[in-house]
Amino acid sequence: SHLGITLCALLFLTGCASSLFTPYPEQAKTFRQAATQGDLSLAEKQLNKRVKGKDKLLYLQERGRIAQIQGNIEQSRADYAAAISIYDANDQAAIVRLGEAGRAAGSLLVNDNALAYRGQDYERIMLHSLQALNYWQESDFEGAAVEFRRASLEQDVAKQKRDKAIAKAEEEAKKNEVNISDVEKQLGGLNTAAAGVRNSIENAYAYYLAGVFREGTGDYNNALVDYKRAYEINPKLTLLSKDIKRVEQKQRGQTQNKAEVVIAYEQGFIPPRRGLNLPVPTIHGYFAVEIPTYSGVSSAVPALRISGAQQQTQTQVAAQLNAMAARALKEQLPGILVRQVLRAKVKYETQKQVNKELGAFAAFSTQMYNFISEQADLRSWLTLPASAQVARFSISPGEHTLTLSGNSGSSQVRINAKPNSTILIRAVDGYGQLHTTVMPTLEVLP
């Protein structure tokens, strides 16, 4: 019976209160603070304790990202590989999330945090792109090519799955008499935050990096496809028209003997979700439920300025990950609301039964438990950048020094440019300083 389950749950949950009742952004504060102050090894230490249990995927992504920025590529590659295999295993299991929530008695009595973290599509796509960069950094160009391919493939797969999932969730909402548009009206902040992108999946940064890699290794046909797809997603990325023209010339055998310099800039932090209490009407009257939302997501995006080698330029936004995160949540809202309403009904029935059978103290305990356990699922990969940006220019062969200036300081980068080569410089801010990495040069041999 629900009653038995509730009492067991009450006892059980006192033992695992931390993960269910402490919102993830609170837990993440400690390692994010350490990372923001540039103490990346402390951040890593705090994550080491947590890379087990149901949120393993989340912590592997976080630790892999921090290790990568620190330059600990071996650790990052291992963490990202473990995270990728969790996504792949989830695909194999192919559990429909709504069905899973319906079956998991624990989650219906507690909250969505009781379910294992399954990741977001935009996280998964970035994961493959970042892993590709790990391989590139180790000069494992075959490994990088595989991950760039996966990043593109996952975007196609995710788009098909997403449309089906939204339709199914909307149907469930209708069946359970949950009025989504009423709730959406109360989420002004979320709607504003999500407005910056056309969906939560297509990532022009992922395509752009893949294009740079393929062009740099002489795979011009696929590079052209990548640049064109990036342009379709983000026509505001004006440097792409030049890229497309240049690759078309290379296909015809025209080269300029210059070196291409590409800057990939990952700026800021993706914002955390926050909980919002809302009254949701059901057949038993109104229930107060807490749902996740985003608010106050900044649309101001500081660029990285680049000077030196007779260049004066700045980065352009390729992907707004903060807006993609908000859009992803907006797309999941129908499913979240249905689960919340089903959960509220179970709690209501349980409360009634406890009142009747076990008296005032048990009723009070259950009421307290229902109140405390009403927690929105605020989990998301919080060390991802708020925006991903790119800049590009050609320079003559030889030794050059570039100065990169961003929000968290500036950095001087020395490069040795060879004819017909591509040099990718990664810059990441938000971690106490501007971290820069010059990637192994790609050369197309004549």
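Key figures
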quantity: Protection-proxy order for peptides 173-185, 208-220, each taking the mean of Cβ atoms within 10 Å per residue, highest first; calculated: 208-220, 173-185
quantity: Cα-based convex hull, segment 372-446, per residue volume (Å³, whole number); calculated: 134 Å³
quantity: Other-chain or far-sequence residues with amide H under 5 Å of Ser408's (modelled H); calculated: Gly430
quantity: Simple label model, 7 Å out from Cα along Cβ direction - Ala81 to Val438, nm; calculated: 2.9 nm
quantity: Gyration tensor (alpha-carbon) shape descriptor, segment 22-64, a/c threshold 1.5; calculated: oblate
quantity: Label point distance in nm, Lys258-Glu399, each placed 7 Å from Cα along Cα→Cβ; calculated: 2.3 nm
quantity: Length released on extending from Leu445 to Lys228, taking residue separation times 0.36 nm less the Cα-Cα span; calculated: 75.6 nm
quantity: Farthest positive-ward along segment 198-282 dipole, Cα basis, beta-carbon charges - from Leu224, Leu278, Val262; calculated: Leu278
quantity: Amide H within-cut-off set for Ala309, under 5 Å, with H built and near neighbours excluded; calculated: Thr401
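Since every read-out is calculated from the coordinates, none of them should be taken as a lab result. All of these numbers come straight from a predicted model, not from anything done at the bench. For neighbour counting, all protein chains shown are included, and Cβ atoms are generated from backbone atoms with ideal geometry for every residue, glycine included.
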